[in-house]
1. Just tell me how shielded B:123-134 is by partners: mean number of partner chain Cβ atoms within 10 Å of each residue's Cβ, no decimals.
2. Could you pull out every one of the lysines with an alpha carbon less than 20 Å from that of B:LYS336, ignoring same-chain neighbours closer than 8 positions?
3. With both bridge residues required to lie in the protein assembly as shown, what share of the DSSP beta bridges run antiparallel, to the nearest 5%?
4. In terms of modelled amide H atoms, which long-range or inter-chain residues lie less than 5 Å from the amide H of B:HIS46?
5. How big is region A:27-102 along each principal axis, measuring the range of its Cα positions in Å and listing the largest first?
6. What accessible area, summed over both chains, is buried at the A-B interface (1.4 Å probe, Å², nearest 100)?
7. Taking the mean number of other Cβ atoms within 10 Å as a proxy for protection, how do you rank B:430-436, B:295-301, B:390-396, A:162-168 from highest to lowest?
8. Across peptide B:306-316, what mean number of C-beta atoms from other chains lies inside 10 Å of a residue's C-beta?
Amino acid sequence: MSPLKIKKGSTGHSAYDLRPSYSDTVERHTLAVLVENEPGVLARVIGLFAGRGYNIESLTVAEVDHQGHRSRITIVTTGTPQIIIQIKAQLGRIIDVHKVNDLTVEGPSVERELGLFKVAGKGEQRVEALRLADIFRANVVDSTLESFVFEITGTPEKIDAFADLMRPLGLQEVARTGVAALSRGAV
Amino acid sequence: MSKTMTGARMVVQALIDQGVEVVFGYPGGAVLPIYDELFQQNQIKHVLVRHEQAAVHAAEGYARSTGKPGVALVTSGPGATNAVTGLTDALMDSIPIIVLTGQVPTFMIGSDAFQEADTVGITRPCTKHNWLVKDTEKLAATLHEAFHIALSGRPGPVLIDIPKDVQFATGTYTEARQVETHYNPQVKGDLAMITELAKAMETAKRPIFYTGGGVINSGPAASQLLRELVAATGFPITSTLMGLGAYPASGDNWLGMLGMHGLYEANMAMHDCDLMINIGARFDDRITGRIDAFSPRSKKAHIDIDASSINKVVHADFPILGDVAHVLEDLLNVWKARGRKTNTEGLAKWWGQIKEWRAVDCLKFTQQGKVIKPQYALQRLEALTKKHDRYICTEVGQHQMWAAQYLGFEDPNRWMTSGGLGTMGYGFPASIGVQMAHPDALVINVAGEASWLMNMQELGTAMQYRLPVKQFILNNERLGMVRQWQELLHGERYSSSWSESLPDFVKLAEAFGAKGILCSDPDTLDDAIMEMLTHKGPVLFDCLVEKHENCFPMIPSGKPHNEMLLGDASTKDAIQAGGAVLV
């Protein structure tokens, strides 16, 4: 009996091929998932992503049709094209999922996110924050002598840019909703 | 006319309406109202197992051998957590089962009550779907929907968690026909793609059918159509572990099982084919070996009812989403309508090549001396039982692979084995489920001694219900497959793979009131097997076999199909690659 000749670093010791099967580029996709508004449906969706090792960049969920008992989950995820296809197929397998739309590939869509920014500062910093907020069309929804809370709506990139600008001006807290998205034009 | 009844009564009524004949279960505080109802009726038999895991495996055995859903009933907390292995097993192998669990009363949920567990939370990833029913009014509809979901599309396990107060409360019983569902998976395949596949079949020089458990799950019509298609085209056919029996082992075109411990001719044909037609299989890693070297020169068709199976592991050139029976019917019709053409010249050469591979005789072994080879034991078991109305279960390990290699399966639903999850301890309770479904049939569980001990308590169940299941234990006093991997891959360091302190299996059988048979001599093996077969009750057959036998052929993990390891006894210098130096 002689042992198998297995090169160092090979996968021979594992029952699985540990190398990625696809080396394609990673893409960012926005998925709209229409689900039955049942207890545990969000856990099913999140559990699927966690259990199979998929990424979630952002996730928003709310009831969109009270009478029809439907909620809409918008998920921004990343992966190779094969992984994205697999994510959609796996989502489609969940009994409570009615429909999965990939807004990234199904034509043009609009994406919006809402952010709340608490910025504290005095003097010139405070004025500068207010001026930039105006440029970004952010609203002041709370104000004290030492702080503002700005409300800003836009694409995730716009909100990122606003956060970058506020950071040196006394940014204290951020709350973001994650992406909500719809396809453009009539259904 | 609406009927009002308690939740517990609804459970029993729904099971009766769904045609359930047997429930495997174990009572406890949170399911007592349902057990009370079971006590007061005669339509449903209840089988009291000795451990909840066994209830689920028994339900699986029942389902796999009948094509009907299996039902298990267990209590809350530990009852539910013990069911998790069986649920996962059924999910991996697509077995339709319905598991009913008791739960603490709704007003106590979340209070860490006695025997409370978050059952739907724990079982969410290991069921096809599950429900916590908090309202008796919804209970009957949920039960009916559960059967629909377990059986439709890709079958699988479902679980209904029923709090005790919901069992006591009264509500209106909903009939099965009143239940509406949005879950209706597509069964017909795309005709355009089916036509493309039919065209490819006409010109293929080296085609192969690669079939899986999906053919069995699709029902007897699928196996019938498959046989027709194979006979009409003359293409060779191989199958996964899960698909054995869909095409008969005695059929002319049968290459044997493929995969890690599959037959040489089957794996070589998979590697060298130019058209692979996957019917209801899922390109599992035990089948493909190294993905980038998997059947490199073939176009691949994939027929599957689950969209997530297609293109998951291997790219499909002809993806066909649909139920096997429906798709095969269309495929046969289209192929016949186009003139029943195949590439006869190419096929003849292909069969010539396959005959050369067959000549390697990869399952050959030599029985000599006074020690029984496990292969020999199975060869004799096959010879002495193949004429019987026979069902085979297995545990998991070397004996399982040998059983798949040396036993022949002529019909679907005759082979119950844990494929995807690889659950040691599956076979014995599964054999109990099979015997309940087929009281007059010969039910054999081919086991290893280590696997068998994992659910040995079920000897009590077999005795109680007079189930004459035959436990055929290939006893090598080792965790054989673990030992084999340690020998081949871990420098022969046998870490914890020796079964020390084994019981005397004959005495163990007798302690339960069953019959025990010990056999260690190849010369008396036939008589001992006959003694097992003629005994009317359960038998524990302790067959002492060669302790260091390895299971071959073997594709070492991370290797492609054409770098298979063969056993000593194989003729011909079959493997050219470096990996062949072994044994």
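The values are calculated or read from the model by the stated rules, or taken from the named source; none is laboratory data. Small disclaimer: the values here were computed from a predicted structure and weren't measured. Using ideal geometry, Cβ is built from the backbone for each residue, glycine included, and neighbour counts are taken over all protein chains shown. Note: accessible area is taken over every heavy atom of the protein model, side chains too, but ligands, DNA and RNA are not part of it. Shrake-Rupley method; radii C 1.70, N 1.55, O 1.52, S 1.80 Å.
1. Details: counts 0, 6, 7, 0, 1, 3, 5, 3, 4, 2, 0, 1.
The mean count of partner-chain Cβ atoms within 10 Å per residue comes to 3.
2. B:LYS188, B:LYS199, B:LYS205
3. 45
4. Amide H neighbours of B:HIS46: B:VAL23.
5. In descending order, the Cα extents are 37, 19, 17 Å.
6. Working: alone 11920 and 22520 Å², together 31890 Å².
Approximately 2600 Å², summed over both chains.
7. Values: B:430-436: 30.9, B:295-301: 18.3, B:390-396: 27.0, A:162-168: 16.3.
Per-residue Cβ counts within 10 Å, averaged per peptide and sorted highest first, yield B:430-436, B:390-396, B:295-301, A:162-168.
8. Details: counts 4, 7, 10, 3, 3, 4, 6, 4, 1, 3, 0.
Average per residue, whole number: 4.
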